[in-house]
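One structure is given below, encoded as structure tokens.
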Amino acid sequence: QVQLVESGGGLVQAGGSLRLSCAASGSVFSGKSMGWYRQAPGKQRELVAAITSIGVTNYADSVKGRFTISRDNAKKTVYLQMNSLKPEDTAVYYCNYRYNLINWGQGTQVTVSS
């Protein structure tokens, strides 16, 4: 049974930072591209960052230069370092495979106050 568990969200002021973690269990991890997604209230879920199995990254324009995705294959964990946070970054953040998505986890809430 594949499971992805997100953590690290919280309430932060604009300009602040957070680091999200996503731990994978019961799954193939090291050979898979992974992504961080977010869903704001009333909006569709969107991909904000992705990382290939060898560490090549790409980002949505809205977070480029502020967010950094990384992974630790030994720990089966993917991270999202979020700096210079803005109120519009407020959303529930999820991780999943970049392709062939599996069931979504519970996500982690990020709230950025102005």
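Key figures
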read-out	value
Paramagnetic reach from Lys86 in the range 11-53 [backbone N under 14 Å; point 7 Å along Cα→Cβ]	14-16
Separation of alpha-carbon centers, the range 34-113 and the range 1-18, rounded to whole Å	9
Theoretical gain in end-to-end length, Gln1 to Ser113 [0.36 nm per residue, Cα-Cα removed]	36.6 nm
Paramagnetic label zone (point 7 Å from Cα along Cα-to-C-beta, Lys43; backbone N under 19 Å) in the range 3-31	9-20
Enclosed volume per residue, in Å³, of the convex hull spanned by Cα atoms of the chain	91
For the chain, built as a Gaussian network whose Cα springs stay under 10 Å, the top-fluctuating residue of Ile51, Ile69, Ile102	Ile102
Amide H partners (placed H, <5 Å) of Leu85, local residues excluded	Gly15, Gly16
Neighbour count of at most 16 Cβ within 10 Å plus DSSP loop: longest chymotrypsin sites (Phe, Trp or Tyr not before Pro)-free window in the chain	1-98
Contact order relative to length of the chain, as percent, for alpha carbon pairs under 8 angstrom and 6 or more apart	36
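All of the numbers you see were taken from the coordinates with simple rules; none came from a lab. Since the structure is predicted, the reported quantities are computational estimates derived from the model, not experimental observations. All Cβ positions, glycine included, derive from the backbone under ideal geometry; neighbour counts span all protein chains shown.
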